[in-house]
1. Any residue in the range 31-47 that's within 14 Å of Asp296 (Cα to Cα): show its pairings with residues that are surrounded by fewer than 17 Cβ atoms within 10 Å (Cβ to Cβ) and of a type in the set (A, V, I, L, M) at Cβ separation under 8 Å, as long as the two are six or more apart or on different chains.
2. Where in the range 115-221 are there helices (runs of 4 or more DSSP H), lying fully within it, with 1 or more residues that are surrounded by 14 or more Cβ atoms within 10 Å (Cβ to Cβ) and basic (Lys, Arg)?
3. May I ask you to say which residue of Leu48, Leu57 is over 20 Å from the mean Cα position of the chain (by Cα), crowded, with 18+ Cβ neighbours inside 10 Å and more than 15 Å from the ligand (Cβ to nearest atom)?
4. Criterion first (more than 14 Å from the ligand (Cβ to nearest atom), closer than 22 Å to Lys171 by Cα and open to solvent by 60 Å² or more (accessible area, probe 1.4 Å)) does Gln64 satisfy it?
5. Can you tell me which residue within the range 182-212, out of those that are in contact with a Leu (Cβ under 7 Å, 6 or more places away or on another chain) and among the acidic types (Asp, Glu), is modelled with the highest pLDDT?
6. Which of the residues spanning the range 261-298 are in contact (Cβ under 8 Å) with a residue 24 or more places away in the chain and either farther than 20 Å from Asp213 by Cβ or open to solvent by less than 70 Å² (accessible area, probe 1.4 Å) (or both)?
7. Which residues, taken from the range 24-45, are open to solvent by 40 Å² or more (accessible area, probe 1.4 Å) and either farther than 19 Å from Phe84 by Cβ or more than 11 Å from the ligand (Cβ to nearest atom) (or both)?
8. Could you look through the range 119-138, keep only residues that are more than 21 Å from Gln164 (Cα to Cα) and either touching a His at 6+ places or on another chain (Cβ under 7 Å) or polar (S, T, N, Q) (or both), and pick out the one that is farthest from the ligand (Cβ to nearest atom)?
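The values are calculated or read from the model by the stated rules, or taken from the named source; none is laboratory data. These numbers were taken from a predicted model, which means no experiment stands behind them. For neighbour counting, all protein chains shown are included, and Cβ atoms are generated from backbone atoms with ideal geometry for every residue, glycine included. Calculation scope for accessible area: heavy atoms of the full protein, side chains included, ligands and nucleic acids excluded. Shrake-Rupley method; radii C 1.70, N 1.55, O 1.52, S 1.80 Å.
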Amino acid sequence: MKNITVLGAGVMGHGAAQLFAQAGKNVRIRARRESSLEKARELITNSLKIMVEKEMLTESELEQTLNRITYTTDLHEAIEGTDFILESIPEVLETKLETYEIIESVVSEKTIISSNTSTFPLEELTKQAKHPERFIITHFFNPPQLVPIVEIVKFDKTSEDIVQSTYDVMKEIGKSPVVLKKEITGFIVNRVQVAMLREAFHLMEQGVATAEDIDIAMKGSMGFKWAFCGPMESQDLAGLQTTKAMVGNIMQDLSNTREVPSFLKEMVEKDELGIRTNEGFYKYDDYGENAIHTRDDHFLDLLKLMQEKANKENGLINSK
Ligand SMILES: NC(=O)c1ccc[n+]([C@@H]2O[C@H](COP(=O)([O-])OP(=O)(O)OC[C@H]3O[C@@H](n4cnc5c(N)ncnc54)[C@H](O)[C@@H]3O)[C@@H](O)[C@H]2O)c1
């Protein structure tokens, strides 16, 4: 699969386009506005430059990567003759359905249509589709050019060939794909994340810990471990008799609320949205520019370490 189209040039789209181009694919990225494309071009260039600074990429690889990306506002131009489409436009069902209708009227039956949706089931996404068997979800994580995992989600109509080809292309671009055995809301990662957030919010509401305390505790424990030793493997290493006792003693005391906590609703009502409004669990004075820069710098260091280890072990983590 040589020709890739990324639809949407926002938070996720630009990073995914960069990723495909780094892996040698010809990439067309489409946004509705020139200004979104300009911004995407700038973000991709900056991200690649940092990789050069960290010696993860050479200057000539940077140039080649940039040359492989074509920017367009024309949907037809973006999708004609393409092999694989990553739809990464806003999470609005009608918008996605309208886009798929146009796509299916232009591309060949062999073109794979993947969505980066975080919430819509394939049954909904394909309700007007002519060929539902070539629809699949590839769920990336922000920033997609750095976070190794992609969740691949199929449904009963997705053909096994499409699943295999999607898996192969994710491997080719250096991702660690996980194919879900069956579709479920939130997939794997966001379900586990939300279960954890429910408890973290509960601890805050109970006055046990502040947001900062929770971040310090988690970064220094699960955060430290999980990049190399997942939660299940960690239990084997600890001993499952200990896991049984821990789960048995603590689980009964955990929050089982099904409500979004009222403090979170109030924060959103007060426009405390995080970096977007300079105030969330923390305060910012630059709309998070520094925080994002620091985060990506750390992520790159971790990614480099993971790549070096994976290259040694011939593993699955992002590699050039
Ligand atoms: N942001 C995340 O952390 C994240 C993580 C995983 C998956 N996702 C999913 O990825 C998708 C994109 O999210 P995002 O955060 O990149 O969004 P975004 O708002 O940052 O970017 C959306 C892009 O789509 C374009 N667009 C807007 N309206 C459009 C339309 N009517 N037709 C075509 N293009 C249009 C915008 O110009 C923009 O380039 C969503 O489905 C989202 O659920 C997001």
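1. Final answer for the pair search is Ile44/Leu66.
2. Answer list for the range 115-221: 160-172, 189-205.
3. Leu57
4. yes
5. Taking the candidates together, the pick is Glu199.
6. Pro261, Phe263, Leu264, Asp296, Asp297
7. Asn26, Arg28, Arg32, Arg33, Glu34, Ser35, Glu38, Lys39, Arg41, Glu42, Leu43
8. Residue satisfying both the conditions and the ranking: Gln128.
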